[in-house]
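For reference, the structure is listed below as structure tokens.
The values are calculated or read from the model by the stated rules, or taken from the named source; none is laboratory data. Keep in mind that what you see is a predicted model, and the values were worked out from it rather than measured. All Cβ positions, glycine included, derive from the backbone under ideal geometry; neighbour counts span all protein chains shown. The area values use the complete protein model at the heavy-atom level, side chains included, leaving out ligands, DNA and RNA. Shrake-Rupley method; radii C 1.70, N 1.55, O 1.52, S 1.80 Å.
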Amino acid sequence: MSDSRPTRRLGTDQASLAEAGRLLAGGALVAFPTETVYGLGADATDSASVARLYAAKGRPSFNPLIAHVADIGHALTLGTFDAAARRLAEAFWPGPLTLVVPAAPDGPICDLARAGLSSLAIRVPADPVARAILAAAARPIAAPSANRSGHVSPTEAKHVLADLDGRIDAVVMGESTPIGLESTILACLDDRALLLRPGAITREAAEAVIGRAVEQPEADSDTNPLAPGRLSSHYATRAPLRLDVERILPGEACLAFGPDLPPGTDRSLMLNLSESGNPVEAAANLYAMLRRLDEREPSSICVVRFSRLGLGEAIFDRLRRAAAPR
Ligand code: TXA
Ligand code: MG
């Protein structure tokens, strides 16, 4: 398949969503909004479609994908859910949670989408546009974030086009995504519950549902097979990022969070994730603001210190990856 082709823009009316589902079922690559970030969909049961998806993203193919389905009953057939996984599914699906469980024996997800692992990541999104597309496709859809590998995840249709126009078949031109951070990933394997990626479903909320502690994976390294996608350098901006900053350098852009600005802030090079210090608003703004500051080509971008509790854990996780040496 050639690397360049016209990318169709689809609306969010019923007929367009049905068309998006039909295209996916026919093997096409279609980006669409979810409540977390925009995903790039491909038929998860068809290795040729998944191979094209990896190529379009420029993603290392050892990175397994999340299988998305429209309803919980369907999701439960794709894997083996222990008691904790079942409770989490009941409490948080549909929603911004991905569960990693043992893949059902002889399940439909192709090996390539699972990157050869015996476990499978499954998600039932809540966003009505995503659900309509998944229902129309009537099969599990692999959908990584719809960005070039290593770039910041897209929270607006225009971010998808900036990275993938001409490389994919269609984009559903929806609203900006309300949560703005990728789903929480919890692995329920071998009687353990592990937080592989923090997100809008907080560790605290998950612990309340399963009635015990959610563990942290031992190593968070590039070689840890438990969390293959958690490369320490990820979500990269072009400008280097400095975290927990109290003093701004000359020429530096600043990502603020809350009412207190560091001394020396140049307001033309500053964006505020949330002036009132609201973490939900901050998560929704994070990726778009990183893109906007990066476009001004500053020498570096500094981020003020903020609380790492609740959703703050997920926001800090993404910034730490964006700040990692590369
Ligand atoms: O919010 C989201 O989850 C978005 C939207 C589009 O649904 N999708 C998303 O997909 O963030 P992606 O591919 O960018 O991130 C999926 C993560 C990767 O880090 C991958 O390594 C991990 O899930 N993952 C997938 N299968 C896994 C498995 N069997 N075990 C451990 N991690 C897995
Ligand atoms: Mg991603």
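Ordering 26, 91, 277 by Cα displacement along the dipole of the chain toward the positive end leaves 26 in first place; charges were set at the Cβ atoms of Lys, Arg (+1) and Asp, Glu (-1).
Looking at the chain alone, DSSP beta bridges between its own residues are antiparallel in about 45 percent of cases.
A viscosity of 1.306 mPa s and a temperature of 10 °C, combined with the Kirkwood radius over C-alpha pairs in the Stokes-Einstein formula, give region 241-322 a diffusion coefficient of 127 µm²/s. Accessible surface for region 241-322, divided over its residues, is 46 Å² per residue with a 1.4 Å probe.
Defining a contact as two alpha carbons under 8 Å apart and six or more residues distant in sequence, what relative contact order in percent does region 107-170 show?
19 percent
Can you compute the helix-only [θ] at 222 nm over the chain? Use -39500 (n - 2.57) per DSSP H run of at least 4 residues, normalise by all residues, nearest 500 deg cm²/dmol.
-9000 deg cm²/dmol
Sequence-distant contacts, meaning Cα pairs under 8 Å at least 6 residues apart, place the relative contact order of region 8-210 at 33 percent.
Rolling a 1.4 Å probe over the protein heavy atoms of region 8-210, with every protein chain left in place, gives an accessible area that is 52 percent carbon and sulfur. Rolling a 1.4 Å sphere over the protein heavy atoms, what is the accessible area per residue of region 115-197, to the nearest Å²? Accessible area per residue: 32 Å². Temperature 37 °C, viscosity 0.692 mPa s: under these conditions the Stokes-Einstein estimate for region 1-70, based on its Kirkwood radius over C-alpha pairs, is 252 µm² per second. Taking 7 Å steps out from each Cα toward its Cβ at residue 295 and residue 14 produces label points 3.6 nm apart.
Ordering of 126-133, 74-81, 36-43 by packing is 36-43, 126-133, 74-81, highest average first (other Cβ atoms within 10 Å, averaged per residue). Multiplying the residue separation of residue 47 and residue 260 by 0.36 nm and subtracting their alpha-carbon distance yields 71.6 nm. Taking the average, over residues, of other Cβ atoms within 10 Å as the packing measure, peptides 257-266, 273-282 rank 273-282, 257-266 from highest down.
Highest mean first, the peptides 139-148, 310-319, 12-21, 292-301 sorted by other C-beta atoms within 10 Å per residue fall in the order 139-148, 310-319, 12-21, 292-301.
In this structure, residue 106 and residue 215 have a Cβ-Cβ separation that, at R0 = 25 Å, corresponds to a calculated FRET efficiency of about 0.25.
Taking the chain as a Gaussian network of alpha-carbon nodes connected by springs under 10 Å, the highest mean-square fluctuation of the residues 88, 186, 117 belongs to 117. In terms of Cα atoms, the Rg and Dmax of the chain work out to 19.2, 60 Å. When the label point is put 7 Å from the Cα of residue 246 along its Cα-to-beta-carbon vector, which residues of region 262-278 have a backbone N closer than 19 Å? The answer is 262-266.
Placing a pseudo-label 7 Å from each Cα along the Cα-to-Cβ vector at residue 80 and residue 320 gives an inter-label distance of 3.2 nm. In the context of the full protein assembly, residue 7 retains an accessible surface of approximately 10 Å², using a probe radius of 1.4 Å and ignoring ligands and nucleic acids.
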